[in-house]
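The values are calculated or read from the model by the stated rules, or taken from the named source; none is laboratory data. Because the structure is a prediction, the values reported are computed rather than measured. Please note: Cβ atoms are built from the backbone with ideal geometry, for glycine as well, and neighbour counts cover all protein chains shown. All accessible areas refer to the heavy atoms of the entire protein, side chains included, with ligands and DNA or RNA removed. Shrake-Rupley method; radii C 1.70, N 1.55, O 1.52, S 1.80 Å.
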Amino acid sequence: MLNKTGETQHEKRGARYLLGMMSRKAWIWAYIAAGATYIATLMVVSSSGGAGALLYAAFTFASFAVIVGVGQMFVVTLGPGNVDLSIPASMTLAATLSLKFMATDGALVVPGLAIAIGVGLGCGLFNFSLIMLLRIPPIIATLSSSFLFQSLAIWSNRGLRIKPPEVLADFSTGGTFGIPNAAWVALLVSVLAWCVLEKAIAGRWILATGQNKRAARLGGVPVNAVRFGVYVSCAVLAGVAGFMLASFSGGANLNMGTEYMLMSIAVVVIGGSSIAGGNSNVPGIWAAALFMFLIVSMLNSYGLGAGVRLMLTGLIIVSVVVLASKRGRRV
Amino acid sequence: DTSEKKIALSNNYAGNSWRQAMLESWGKVAYMAIEDGHVAAADAFTTSENQATEQAAQIQNMILQGYDAIVVNAASPTAINGAVKEACDAGITVVSFDGIVTEPCAWRIAVDFKQMGRDQVKYLAERYPEGGNLLEIRGLAGVFVDDEISAGIHEEVANTDFKIVGSVHGDWAQDVAQKAVAGILPSLPEIKAVVTQGGDGYGAAQAFAAADRPTPTIVMGNRRDELDWWKEQKDENGYETTSLSIAPGVSTLAFWVAQQVLDGNEVPKDLTVPFLRVDQDTLEEILAETPVGSVANVEYSLDDAKSLIESAK
Amino acid sequence: MSRDHLRILLPVLSLAILLAAVFYMQPRAMSYFGLNLLFNLAVPVVLATIAQMMILMVNDIDLSIGTFVSFCACITATFVQTDPVVGYAILFGAILVYAAMGAIIYARGLPAIVVTLGMSFFWSGMAVLVLPSPGGSAPDWLRALMTAKTPFLPVAIIAPIVIAAIMHYFVKRSALGVLLRGVGGNEQAIERSGWSVMGLKAFAYGVAALFCVLSGMALVGLATSADANIALRYTLLSIAGVILGGGEFTGGRVSPVGAVIGALTLTLAASFLSFLHLSPDWQIGAQGAILIIVLAVRLVFTRREALI
Amino acid sequence: MIGTQKVPIITLADVGVSFGAVKALNDVELTILPGECVGVVGHNGAGKSTLVNVINGRLSSTRGDVSYDGEQSAADFRNALLARNAGIRSVFQELSLCPNLTVLENYRIPYRNMPRRAWRRNAASAVRASLDAVFPGNAIDPYSVVDDLPIADRQMVEIAIAFSRRDIDARLVILDEPTSSLDGAIADQLLAYIKKFCADGGAIIFISHMMGEIFDVASRIVVMKDGFITQDNDARHFTRDGLVDAMGHVVPDTAEVTGAKRRQEFGPEVLRMENGLNARQGEVVGLAGLAGHGQAEALAQCFLDRTSDWSASRDPAVVFVAGDRSRDGVMPLWSIMRNLSLQTLVEFSRTFLVDRKAERKVADEWHRKIGIKTDDLENPILSLSGGNQQKVLFSRALASSAPIVVMDDPMRGVDVGTKKEVYRMIRAEAEKGRTFLWYSTETDEILECDRVFVFRDSEIAAELQGDQITEENMLRASFEMQEAGQ
Ligand SMILES: Nc1ncnc2c1ncn2[C@@H]1O[C@H](COP(=O)(O)OP(=O)(O)OP(=O)(O)O)[C@@H](O)[C@H]1O
Ligand SMILES: Nc1ncnc2c1ncn2[C@@H]1O[C@H](COP(=O)(O)OP(=O)(O)OP(=O)(O)O)[C@@H](O)[C@H]1O
Ligand SMILES: [Mg+2]
Ligand SMILES: [Mg+2]
């Protein structure tokens, strides 16, 4: 793989240290970008408490992106071609079924959550069996299953919007210690994910499988268990995110997760994970999720039209990625 | 006599409660019409994604299947014109509603979306003659309906003392709207009212509540949860607003119009249906009729269609 | 050799079976008119699939094809119609941007999926700027071309055959095609032989963009007008088409003929479903199911890997 | 003879190359004349591959001058072009064919100005001709896709392409460990061709860890050590032992290398496969035969049957040492340490977390034991030379406590010194009751085994024991069947 060629980087030691460190931690750029957009938005914030409110909102909405982003990150880490496109459908299905079950009854919150998780589990299992048993490429497998999940959601509830139980709505829209509850949940999820990737053996296995599945298998990694775990946990996280989002926004919609398909991929890659697999990080997902929220807020606040807004979003994403890239060729 | 005729519904999207209610209304009227021997078949088709290309292909398939009339809720007013033209050329009656098509050979049951935008502002101008700041929640960029409603709003605002201080795209999705509003709120001065495109009102209310800002007058879009919230506020503090949207049952109207065309009746190409409006007084009444989680609805009968056609002549 | 043939056999078979099923259910489809209706909207899909294939061939993936085709369609329905010189200049410029994107992706070692994801926002924004609301109209010649009444076979059949033949020659037979596939197979080997991988990638992206432009134009020719969201689903459709046609995500293993057939199969699958008269609840799910079934058949054909 | 007054094809003057802090080459002076066959030897990481890359212009030297055909090159970045024009071609240590292309398409890639007309037919005949010339009697179809070929065939294709006819004739062919995946018979064909090539006025740089091959073909031998050329002399001035001493190897601080006595007593049978392959506890079982006859498959099967896709055991039944590094072994994005500890993560941890202390300890231990040439185990694995990467894979498996070790031609590119050391380690481990299954393309490695299965067409053609294990017997077993097959 390595070419001992081409890149005789005669690095000036020391002077480049900072740059070097930054390029190794690609997510620093995502934080810089998020910070810059935040400050740029503040320029037009009029009300006194606006700065805090904006940050509060950013953390609230970033949380959902983080939860699904973490799941997507694990999937993406599995290597080229691995991506879960069924996240929106899993979110919708989990939210629909669990809200329908709870039927605004506050006593059923826990079983409701269990149902959301269970639905996620089922979706993950289904995805994995398509990938593993039928050996359908993950992109297509998850795309196809998303259609099925969506049909199930339509069939089960015909698009009726059922309110979440009062307690649940209060919890998901509320905050604790000045931080939105949704963000606490996302934080918990990301700390867990970080531990898995950085500390746990399973994390090593995921990373190994992502780099070279065959070599991983020959190196004693139970690759099927790894892939199973990854796809299932991604779907479970999607289920949880759907449950939370529906509770937060006052009910499940058939189109509620739509934007999280691109969003989940975007936060993973802007956050600095190598899409080639085998190298991922959790802090970057937070930065990217905040960034994705703030950029829309910023462009909206500046009163830019949809066309310009989309264009600038694209340009900024590309610039962040270019800036975050290592100099020269990848190995 | 149309008892041998087959009608198809080409629907481009099924992913929200409005569309689900629309399909349900269609299903009901289709069942009844077949029972009563008005038509031989009335099948509904939905594309898997909200895409003009897919819908065009769907219409082409309907041509192949030999339907006599195709009722379309179009993904784009122009992008399926090619397929619509092909259908007309094959002798098929095409009736578009809600999302209408511009192809001249097709019938259009239009809702004046521009008017819908204007009416929102008119209502607000009545309530607040002194004007104030408005927040606009738009739909999906690049889509006809979004452009029309927004144009109506902007046109009317020019005649009043209102000022649109912020505009966000909510993609007609509750969660997206809520998110976009939450993101722009900190940068906005005090908001007098929010103009919407239907279905975003509840999300906007939530976002205002989350940001601890006074709730402005939010124009609603007839969704049950919006009406519920309105009712709640009304009972609590006498909150006043209005709610308007196109009734999903317009699909049934389109069905009858298609049947009338097939029957050989002369039907003008352009028909307009009024939108369904909920006011402070009619709120309770309509709330009682609207199923939980759904949309306020009106279904049309053959006679309704006939009188509409008469009045348009 | 034989493995390559096996690879192409599956797409051919699934297309044949689907076609047979459609003909069985709807004998009317078995005519000049019917074939045209079944397949004419496949032409832009075929072109977009070829574009995706060019990118997959050099080991990248393009998530912006849908928005880019939409953008091209918007330009075609507006500038190309009203002001051809400006219109073509914009399209040409867009091709250059694509080529530059390929070069940057290589030079900076960027993951293509991210850059193209970002660019998809960009193109989408440009399209909205060009056509804030649906409209525009197709240039007459384009409309005439796409609806031409050719003898014996409709345009909808001739076009995919021509595209497949040309691309087969270019990708599988020409010397340049060897290098491009080589980039996908072993970038380093190409570089070691003194070729500019950056140039090759830029070229592949440029060709892909050209096909996107053609796809956008064909689409406008069929639809008579455009909107900013007109082709969004081509992104996933094109990936599915390449894979269905026996292509792989990595390693430069693609087949132009397969890709064309894959695109046709996908289009036909949707038609097949609408002939089944399913309940609206399940129509969407059935699209997924048919994708799964068609791809699952691959199982029979793909060689069990020696390991794992 | 190409020229009468013999202009050097390439001259390196005082060349140095550094990778960051690592000085891979120092003060290298080297001149290569037409007709010479220069053998280059040196321990793993001595700088041989780096030297090759300087000569063929792929790597610009940090210091010093490189001149082609006696002409000084003006700018470094043109070196690759100059090298190509001077007729310099290379076969790299890591295979560099495009696996998705056919053999003849791979020929197209280095041939830049190939005439376009009927190029496929011409390419096929050129490859065919070259394959026939270098490896007479091979049956490789130029139209077959490289991926479908066994690794030995792939290596043959790459070599044949390097010697093939193009617009600029080959004048200097650099072969970096070309025989590492070839079996003896094929390797001999190559050596014969090299001699002929040099006799016709071509020049060769031949890098190998096989002393026999070096002495067989080299007219001049260059010894490298730690980035320096320590000796550069006519081949006649070297003896085998002298050469090994001159190279020096990097495992000096371990106990003396003793060829332990071959044991006669073994434990109970611990392994039996469907095809009859079996092994007893403490035995070193060799798999021999011509390359590509199902040995690797049998080994992989053995490994896969005894491990699970679904769970990892705290005491694994079997571990694997890969030979095809990039395909089967190395995790390219990881550090040396992470690569080394992959197999033993579960074994050394009592929880589900990685025990970093244990990881570091094991890595340090093997770093010392097997002499991995690096100063920091946190360095990326790809910064290691080929042979050193192989050592990491070895350590990965041996660090485990698994009773059976399966080795798929594990010594590819490992230098003589280390090989001796590894033989000793294998012996010592076998002594302790471990069983080894060892596929190798090298006869000397097979001779180290207690029992040998000779493979033919994915079946066992012969089982050799004790004194029966001779090169002659193995060759006979593999060739007898070949004749029978024809
Ligand atoms: N890209 C690189 N970055 C850092 N160090 C490198 C790089 N390439 C080579 N090296 C170092 O340069 C030294 C020489 O490596 P080289 O590959 O030339 O050894 P070699 O003699 O070919 O060894 P082997 O017999 O194992 O192939 C090694 O210490 C290696 O670690
Ligand atoms: N079904 C198949 N179709 C085509 N090629 C195959 C098939 N099965 C195996 N091969 C190829 O045949 C070759 C022989 O495999 P095998 O693993 O037995 O070789 P080997 O003797 O272990 O060679 P080496 O160790 O040098 O790689 C493999 O390299 C593989 O690519
Ligand atoms: Mg080397
Ligand atoms: Mg060997």
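If you filter segment D:405-455 down to residues that are within 16 Å of ligand 3 (Cβ to nearest atom) and open to solvent by 10 Å² or more (accessible area, probe 1.4 Å), you find that the one that is nearest to the other protein chains (Cβ to nearest Cβ) is D:Arg412. Considering only segment C:159-185, state which residues are surrounded by fewer than 23 Cβ atoms within 10 Å (Cβ to Cβ) and small (Gly, Ala, Ser). The answer is C:Ala164, C:Ala165, C:Ser174, C:Ala175, C:Gly177. Applying the condition of being among the aliphatic types (A, V, I, L, M), over 18 Å from D:Ile404 (Cβ atoms) and part of a loop (DSSP other than H, G, I, E, B) to segment D:322-336 and asking which residue is modelled with the lowest pLDDT yields D:Leu333.
Filtered by the rule that a residue be away from ligand 4 (no atom under 14 Å from the Cβ) and modelled with pLDDT of 85 or more, segment D:143-164 gives D:Tyr143, D:Ser144, D:Val145, D:Val146, D:Val157, D:Glu158, D:Ala160, D:Ile161, D:Ala162, D:Phe163, D:Ser164.
Residues in segment C:186-226 that are within 8 Å of another protein chain (Cβ to nearest Cβ) and open to solvent by 20 Å² or more (accessible area, probe 1.4 Å): C:Asn186, C:Gln188, C:Glu191, C:Arg192, C:Gly194, C:Trp195, C:Thr224.
Looking at this structure, is B:Gly198 out of contact with any His (no Cβ under 7 Å at 6 or more places or on another chain), open to solvent by less than 10 Å² (accessible area, probe 1.4 Å) and assigned to a helix (DSSP H, G or I)?
Considered against the rule, which asks whether it is out of contact with any His (no Cβ under 7 Å at 6 or more places or on another chain), open to solvent by less than 10 Å² (accessible area, probe 1.4 Å) and assigned to a helix (DSSP H, G or I), B:Gly198 comes out as no.
Checking each residue in segment B:215-228 for being open to solvent by 10 Å² or more (accessible area, probe 1.4 Å) and away from chain A (no Cβ under 12 Å) picks out only B:Thr215. Taking the criterion of being in contact with a Gly (Cβ under 9 Å, 6 or more places away or on another chain) and away from chain A (no Cβ under 14 Å), the residues of segment B:3-31 that qualify are B:Ser3, B:Lys6, B:Val29.
Mind checking whether some residue in segment D:345-360 is open to solvent by 40 Å² or more (accessible area, probe 1.4 Å), more than 27 Å from D:Leu277 (Cβ to Cβ), away from ligand 1 (no atom under 16 Å from the Cβ) and more than 12 Å from chain A (Cβ to nearest Cβ)?
Initially, segment D:345-360 is screened for residues open to solvent by 40 Å² or more (accessible area, probe 1.4 Å), giving D:348, D:350-353, D:355-357, D:360.
Imposing the further condition that a residue be more than 27 Å from D:Leu277 (Cβ to Cβ) reduces the set to D:348, D:350-353, D:355-357, D:360.
From what is left, the residues that are away from ligand 1 (no atom under 16 Å from the Cβ) are D:348, D:350-353, D:355-357, D:360.
Adding the requirement that they be more than 12 Å from chain A (Cβ to nearest Cβ) leaves D:357, D:360.
Yes; the residues of segment D:345-360 include at least one that is open to solvent by 40 Å² or more (accessible area, probe 1.4 Å), more than 27 Å from D:Leu277 (Cβ to Cβ), away from ligand 1 (no atom under 16 Å from the Cβ) and more than 12 Å from chain A (Cβ to nearest Cβ).
Look at (1) free of Cβ contacts under 8 Å to residues at least 24 places away in the same chain; (2) within 16 Å of ligand 2 (Cβ to nearest atom) and you find that D:Ala322 fails only one, number (1).
Per-residue answers, yes or no, for (1) in contact with a Ser or Thr (Cβ under 7 Å, 6 or more places away or on another chain); (2) within 14 Å of chain A (Cβ to nearest Cβ):
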residue: D:Asn275; (1), (2): no, no
residue: D:Gln281; (1), (2): yes, no
residue: D:Leu290; (1), (2): yes, no
residue: D:Ala296; (1), (2): no, yes
residue: D:Phe303; (1), (2): no, yes
residue: D:Ala312; (1), (2): no, yes
residue: D:Asp315; (1), (2): yes, yes
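Any residue in segment D:374-391 that is open to solvent by 20 Å² or more (accessible area, probe 1.4 Å), more than 13 Å from chain A (Cβ to nearest Cβ), within 9 Å of ligand 1 (Cβ to nearest atom) and not small (Gly, Ala, Ser)? Taking every residue of segment D:374-391 in turn, at least one turns out to be open to solvent by 20 Å² or more (accessible area, probe 1.4 Å), more than 13 Å from chain A (Cβ to nearest Cβ), within 9 Å of ligand 1 (Cβ to nearest atom) and not small (Gly, Ala, Ser).
For segment A:204-225, a residue qualifies if it is in contact (Cβ under 8 Å) with a residue 60 or more places away in the chain and among the β-branched types (Val, Ile, Thr), and the qualifying residues are A:Ile206, A:Thr209.
Screening the candidates D:Ile460, D:Ile469 for the property of being more than 14 Å from every other protein chain (Cβ to nearest Cβ), more than 16 Å from ligand 4 (Cβ to nearest atom), at pLDDT below 85 and touching a strand residue (DSSP E or B) at 6+ places or on another chain (Cβ under 7 Å) yields one hit, D:Ile469. Here A:Ser151 qualifies as in a helix (DSSP H, G or I) and closer than 18 Å to A:Met256 by Cβ.
Within segment D:318-335, is even one residue of a type in the set (Lys, Arg), under 22 Å from A:Arg227 (Cα atoms) and crowded, with 19+ Cβ neighbours inside 10 Å? Spell out how you get there, then give the answer.
Of the residues in segment D:318-335, the ones of a type in the set (Lys, Arg) are D:325, D:327.
Of the ones still in play, those that are also under 22 Å from A:Arg227 (Cα atoms) are D:327.
Keeping just the survivors that are crowded, with 19+ Cβ neighbours inside 10 Å gives none.
Checked against the condition, which is being of a type in the set (Lys, Arg), under 22 Å from A:Arg227 (Cα atoms) and crowded, with 19+ Cβ neighbours inside 10 Å, segment D:318-335 yields no hits at all.
Scanning segment D:199-214 for residues that are more than 18 Å from D:Leu30 (Cα to Cα) and away from ligand 1 (no atom under 16 Å from the Cβ) yields D:Ala199, D:Asp200, D:Gly201, D:Gly212. In the set (1) in contact (Cβ under 8 Å) with a residue 12 or more places away in the chain; (2) more than 17 Å from D:Phe303 (Cβ to Cβ), the condition left unmet by D:Asp444 is number (1). Screening D:Gly42, D:Gly57, D:Gly47 for residues that are open to solvent by less than 30 Å² (accessible area, probe 1.4 Å), of a type outside the set (Val, Ile, Thr), free of Cβ contacts under 8 Å to residues at least 40 places away in the same chain and more than 16 Å from ligand 4 (Cβ to nearest atom) leaves exactly one candidate, D:Gly57.
Checking each residue in segment B:79-98 for being of a type in the set (Val, Ile, Thr) and free of Cβ contacts under 8 Å to residues at least 40 places away in the same chain picks out B:Ile80, B:Val84, B:Ile92, B:Val94.
For segment D:337-452, the helices (runs of 4 or more DSSP H) that sit wholly inside it and include 3 or more residues that are among the small types (Gly, Ala, Ser) and outside the structural domain of D:Gln93 (by TED's automatic domain parsing) are D:386-398, D:416-431.
Going through C:Ala112, C:Ala138, C:Ala156 one at a time, which residue ends up being buried (at least 21 other Cβ atoms within 10 Å of the Cβ), at pLDDT below 90, away from chain A (no Cβ under 14 Å) and closer than 26 Å to C:Gly258 by Cβ?
Exactly one residue qualifies, and that residue is C:Ala156.
Residues in segment D:103-117 that are open to solvent by 10 Å² or more (accessible area, probe 1.4 Å) and aromatic (Phe, Trp, Tyr): D:Tyr111 alone. Restricted to segment A:49-132, the set of helices (runs of 4 or more DSSP H) holding at least 1 residues that are within 12 Å of the chain's Cα centre (by Cα) comprises A:50-77, A:87-102. Restricting D:Ile168, D:Ile186, D:Ile221 to residues that are away from ligand 2 (no atom under 16 Å from the Cβ) and either among the charged types (D, E, K, R) or open to solvent by less than 50 Å² (accessible area, probe 1.4 Å) (or both) narrows the list to D:Ile221.
Only helices (runs of 4 or more DSSP H) whose full extent lies in segment A:222-324 are considered here, and the ones with at least 1 residues that are modelled with pLDDT of 80 or more and touching a Phe, Trp or Tyr at 6+ places or on another chain (Cβ under 6 Å) are A:223-249, A:283-301, A:306-324.
Scanning segment B:262-296 for residues that are under 30 Å from B:Ile70 (Cβ atoms), touching a helix residue (DSSP H, G or I) at 6+ places or on another chain (Cβ under 9 Å), of a type in the set (A, V, I, L, M, F, W, C) and away from every other protein chain (no Cβ under 14 Å) turns up B:Val267, B:Leu271, B:Val273, B:Phe275, B:Leu276.
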